[in-house]
Each structure stands twice: as C-alpha cells, then as structure tokens.
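The values are calculated or read from the model by the stated rules, or taken from the named source; none is laboratory data. Only a predicted model underlies this, so the values are computations on that prediction, with no experimental measurement involved. Cβ: placed from backbone, ideal geometry, glycine included. Neighbour counts: every protein chain shown.
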Amino acid sequence: MCSNVCPHRSAVIAEETGNRTVFRCPYHAWTYDPQGRLVGAPHIDKARLDDISLKELRLETWQGLAFVNLDDSAEALAPNLTALEERLAPLHLAEHRVIMTDTLDVTCNWKS
Ligand code: FES
C-alpha cells in the first residue's frame, strides 16, 4: 500500500474512490503507476524516475479492520491484539460491513 501524498511538494494525489491506471498529482503533474512508482514528471531528468516513488505504508488487517502503520520499525500489530480476540468475538467484527461514510468539515487549528 502506498501513501496518497506526493513526495514532490506533499499534495494529495487522489481523492474519492475509483479505478485509475495512473495517478497524476494535481499540483505539478508528476504521474505514478498503481504501485506508486514515478512514471512521468515534466522537466525532470528521466534517469531520476527510478529514484522517486510514493512512500510504501505498512498495512495490517485484523478482524476485518485495516490498520496503517507509519513506523517501519514497529512490531506487528496482530500479536499484540490476541488478548482482545476473546473479548471481541461476540461482536463478529470480521462480518461487519460499511453502511455509511460521512465527511465533516471542521473549522479548527489542527496544529494545536
Ligand atoms: S506536489 Fe505533486 S507534483 Fe508537485
């Protein structure tokens, strides 16, 4: 799984849902393939393309839930959750389905 943030100037590359064969950053048109490799960028030496890619993110699933970990050196999550398995078993988490999503725009200072 790759980050959705362009390594050039940190723009969000894709929003919403769907399928694409390439992902073009809206800021300066750097273009990535679905594996996150840079495949094109205006005014860049083609020899540099192989050196640039979207950041690879660690993804683990547990009980049907997805967890992204930004720490490459962190230990695996699932072994640390075994104590919860018995307590959460009656909830059948792996069988749950998304029935609604929502987005809230909040006027706030996210830095404080
Ligand atoms: S921020 Fe993505 S191409 Fe510049």
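The residue pairs whose first member lies in the range 1-19 and is charged (D, E, K, R), whose second member is away from the ligand (no atom under 11 Å from the Cβ), and whose beta carbons are closer than 7 Å, counting only pairs six or more residues apart or on different chains, do not exist in this structure. Scan the range 64-78 and give yes if some residue there is modelled with pLDDT under 95 and touching a helix residue (DSSP H, G or I) at 6+ places or on another chain (Cβ under 8 Å), otherwise no. There is at least one residue in the range 64-78 that is modelled with pLDDT under 95 and touching a helix residue (DSSP H, G or I) at 6+ places or on another chain (Cβ under 8 Å).
One residue stands out among those in the range 28-43 that are more than 9 Å from the ligand (Cβ to nearest atom) and surrounded by 19 or more Cβ atoms within 10 Å (Cβ to Cβ): the one that is nearest to Ser3 (Cα to Cα), which is Gly36.
Val5 passes every criterion in (1) more than 10 Å from the ligand (Cβ to nearest atom); (2) under 30 Å from Leu81 (Cα atoms); (3) under 14 Å from the mean Cα position of the chain (by Cα) apart from (1). Criterion applied to Asn80, Asn69, Asn19 was being within 17 Å of Met1 (Cα to Cα), more than 16 Å from the ligand (Cβ to nearest atom) and not assigned by TED's automatic domain parsing to the domain that holds Cys6, and the one residue passing it is Asn69. Within the set of pairs 6 or more residues apart or between chains, which connect a residue that is closer than 11 Å to His8 by Cβ and assigned by TED's automatic domain parsing to the domain that holds Arg24 inside the range 35-47 to a residue that is near the ligand (Cβ under 10 Å from one of its atoms) and not in a loop (DSSP other than H, G, I, E, B) with Cβ atoms less than 6 Å apart? Pairs found: Leu38/Tyr32. With respect to being of a type in the set (Gly, Ala, Ser), in contact (Cβ under 8 Å) with a residue 12 or more places away in the chain and surrounded by 14 or more Cβ atoms within 10 Å (Cβ to Cβ), Gly64 falls outside the description.
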